[in-house]
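Please read the structure below before turning to the comments.
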Amino acid sequence: MGEVRIKELIKSFGNVTAVNRVSIDCRDGEFLVLLGPSGCGKTTILRTIAGLEEPTEGEIYIDNKLVNDVPPKDRGIAMVFQNYALYPHMTVRENMAFPLKMKKMKKEEIDDRVQKVAKMLEIEKLLDRKPKELSGGQRQRVALGRAVVRNPKVFLMDEPLSNLDAKLRTYMRAELKKLHERIKVTTIYVTHDQVEAMTMATRIALLKDGELQQIGTPSEIYNNPANTFVGGFVGTPPMNFIEGSVKGKTFVSQGIEYDLPEVRMEKEKVILGIRPEDIKISEEGNIEGEVYVVEPLGYEQIITIKIGEELIIVKTSPDIELKVGEKVRISFNPQKIHLFDGETLCAM
Ligand SMILES: Nc1ncnc2c1ncn2[C@@H]1O[C@H](COP(=O)(O)OP(=O)(O)O)[C@@H](O)[C@H]1O
Ligand SMILES: [Mg+2]
């Protein structure tokens, strides 16, 4: 078992509120990602679960047991950090065995566990090397191995891939996902990288300024963002937001008049959200604009279109040929329009 329940957690440092009344239930076996920009409180939440910080208010439960007063070593968790902090004077084998030695485990059992985990992570050949004889990716695997041998109920990982170069990061992302699928240990993973979150998470908890914005599966977060922050944080290029008002069925902004599917209301301040991939450039389009920037990426192109005073970003196939200054027509996929309240910024 490895359920983690965070209940109304508040953590203040002096007059900084790093975490502001956050509640998250992490189920057994889940890969939960805490996602959000730098400074939003992710590390603080993780350190509080680990017992390295004390909550100012609120409770942490592990397997239904209140652990606020349980010391870190007795919580059944293992933490993997961004700087993997291997002991430089020890071999890989000794590094991995170290936490088990501390627990006074028998030598045969330690050897057996280290061997099994090394095999699983494909680092058997590295067991007699020192950390300085390893590449960044190999070190990261050893750090993971050192966490896995302890057989924890919960893994806590704080941006464990952020020190790796882009190519290795993509590779390790897939490796971590495979590892989780194999051992199914509850994992709480911190990142500011929305692609990591989308690709690895069973659920994402998205935070901003210490507050939980939304928790859901990657597809819920992507398809039904709870507010403009969530809509803008996940997806590249980000969702387009157009400020305007709704009169009857029509959304009206400075440059756009758009008939909404089946919405009837009057509202002064509304924000229409539409993702770049949900806009089509075609002659039948009901909105007219002018090509402003063309950015080819090989497999697709990103087109910025100027409509009145608005700049709208569109993703298209690389086959459409467009020139800056050219007049074009676009249409929004009516099923993919998001409306947000212009005051609260929450989905309507
Ligand atoms: N030990 C500390 N003392 C004072 N302020 C802190 C401390 N740890 C974190 N903070 C502040 O709390 C907020 C959240 O930090 P952190 O949890 O590290 O965010 P994240 O991991 O999302 O980047 C930030 O404003 C940070 O400056
Ligand atoms: Mg952090």
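The values are calculated or read from the model by the stated rules, or taken from the named source; none is laboratory data. These numbers were taken from a predicted model, which means no experiment stands behind them. We place every Cβ from the backbone using ideal geometry, glycine too, and count neighbours over all the protein chains shown.
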(request) Name the one entry in Ile49, Ile60, Ile77, Ile123 that is on the phi < 0 side of the Ramachandran plot and within 16 Å of ligand 2 (Cβ to nearest atom). (result) Ile49
(request) Examine the range 160-180 for a residue that is at pLDDT 95 or above, in a loop (DSSP other than H, G, I, E, B) and more than 16 Å from ligand 2 (Cβ to nearest atom), and state whether such a residue exists. (result) no
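Tell me which residues, restricted to the range 192-206, are among the hydroxyl-bearing types (Ser, Thr, Tyr) and either under 22 Å from Ile62 (Cα atoms) or outside the structural domain of Asn223 (by TED's automatic domain parsing) (or both). So that I can check it myself, show each step before the final result.
From the range 192-206, those among the hydroxyl-bearing types (Ser, Thr, Tyr) are 199, 202; that's our starting set.
Within the range 192-206, Thr202 is the sole residue that qualifies.
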(request) Among the residues of the range 15-31, write down those that are more than 9 Å from ligand 1 (Cβ to nearest atom) and in contact (Cβ under 8 Å) with a residue 60 or more places away in the chain. (result) Asn20, Arg21, Val22, Ser23, Ile24, Cys26, Arg27, Asp28, Gly29, Glu30, Phe31
(message) Please go through the range 288-334 and give me each residue that is more than 18 Å from Gly273 (Cα to Cα), of a type outside the set (D, E, K, R) and touching a residue at least 40 places away in the same chain (Cβ under 8 Å), ordered by number.
(response) Leu322, Val328
(request) Would you please list the contacts, defined by Cβ atoms under 9 Å and residues six or more apart or on different chains, that run from a residue in the range 123-140 that is closer than 12 Å to Thr91 by Cβ and assigned by TED's automatic domain parsing to the domain that holds Leu168 to a residue that is assigned to a helix (DSSP H, G or I) and of a type in the set (Gly, Ala, Ser)? (result) Ile123/Gly145; Leu126/Ala118; Leu127/Ala118
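Quick test for you: out of Gln254, Gln335, pick the one residue that is modelled with pLDDT under 95 and within 26 Å of Glu220 (Cα to Cα). Write out each step before concluding.
Numbers: Gln254 fails: within 26 Å of Glu220 (Cα to Cα).
Every option except Gln335 fails the conditions.
Quick check on my filter: what residues within the range 68-81 are part of a loop (DSSP other than H, G, I, E, B) and surrounded by 20 or more Cβ atoms within 10 Å (Cβ to Cβ)?
In the first step, residues of the range 68-81 are kept if they are part of a loop (DSSP other than H, G, I, E, B); the result is 68-71, 75-76, 81.
Answer for the range 68-81, where residues must be part of a loop (DSSP other than H, G, I, E, B) and surrounded by 20 or more Cβ atoms within 10 Å (Cβ to Cβ): just Arg75.
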(request) Restricting attention to the range 162-200, report how many residues are without any contact (Cβ under 8 Å) to a residue 60 or more places away in the chain and touching a His at 6+ places or on another chain (Cβ under 7 Å). (result) 0
(request) Specify the residue that is nearest to Arg182 (Cα to Cα); the eligible residues are those in the range 13-41 that are out of contact with any Leu (no Cβ under 6 Å at 6 or more places or on another chain) and of a type in the set (A, V, I, L, M). (result) Leu32
(request) Provide a single number: the residues in the range 184-194 that are surrounded by 14 or more Cβ atoms within 10 Å (Cβ to Cβ) and more than 16 Å from ligand 2 (Cβ to nearest atom). (result) 3
(message) If a residue must be crowded, with 18+ Cβ neighbours inside 10 Å and assigned to a strand (DSSP E or B), how many such residues does the range 219-260 contain?
(response) 7
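Any residue at all in the range 7-14 that is within 22 Å of the chain's Cα centre (by Cα) and away from ligand 1 (no atom under 14 Å from the Cβ)?
Filtering the range 7-14 down to residues within 22 Å of the chain's Cα centre (by Cα) leaves 7-11.
Then drop every residue that is not away from ligand 1 (no atom under 14 Å from the Cβ), which leaves 7-8.
Yes, the range 7-14 contains at least one residue that is within 22 Å of the chain's Cα centre (by Cα) and away from ligand 1 (no atom under 14 Å from the Cβ).
Could you list all residues from the range 113-122 that are part of a helix (DSSP H, G or I) and without any contact (Cβ under 8 Å) to a residue 40 or more places away in the chain? Show your work before the answer.
The first filter runs over the range 113-122 and keeps only residues part of a helix (DSSP H, G or I), leaving 113-120.
Arg113, Val114, Gln115, Lys116, Val117, Ala118, Lys119, listed by residue number.
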(request) Could you please tell me which pairs satisfy a Cβ distance under 7 Å, a separation of 6+ or placement on different chains, a first residue in the range 150-161 that is touching a residue at least 24 places away in the same chain (Cβ under 8 Å) and closer than 11 Å to Val80 by Cβ, and a second residue that is of a type in the set (Lys, Arg) and surrounded by fewer than 24 Cβ atoms within 10 Å (Cβ to Cβ)? (result) Leu161/Arg169; Leu161/Arg173
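Of all residues in the range 45-67, how many are closer than 30 Å to Lys130 by Cβ and either assigned to a strand (DSSP E or B) or in contact with a Pro (Cβ under 9 Å, 6 or more places away or on another chain) (or both)? I'd like the intermediate steps shown before the answer.
Our first condition is that a residue be closer than 30 Å to Lys130 by Cβ; within the range 45-67, this holds for 46-47, 50, 52.
Next, from what is left, pick out any that are either assigned to a strand (DSSP E or B) or in contact with a Pro (Cβ under 9 Å, 6 or more places away or on another chain) (or both): 50, 52.
Count: 2.
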(request) Would you confirm whether any residue within the range 82-89 is assigned by TED's automatic domain parsing to the domain that holds Pro152, more than 28 Å from Glu175 (Cβ to Cβ), part of a loop (DSSP other than H, G, I, E, B) and within 15 Å of ligand 1 (Cβ to nearest atom)? (result) no
(message) Between Leu46, Leu34, which is within 10 Å of ligand 1 (Cβ to nearest atom), within 20 Å of the chain's Cα centre (by Cα) and closer than 27 Å to Lys103 by Cα?
(response) Leu46
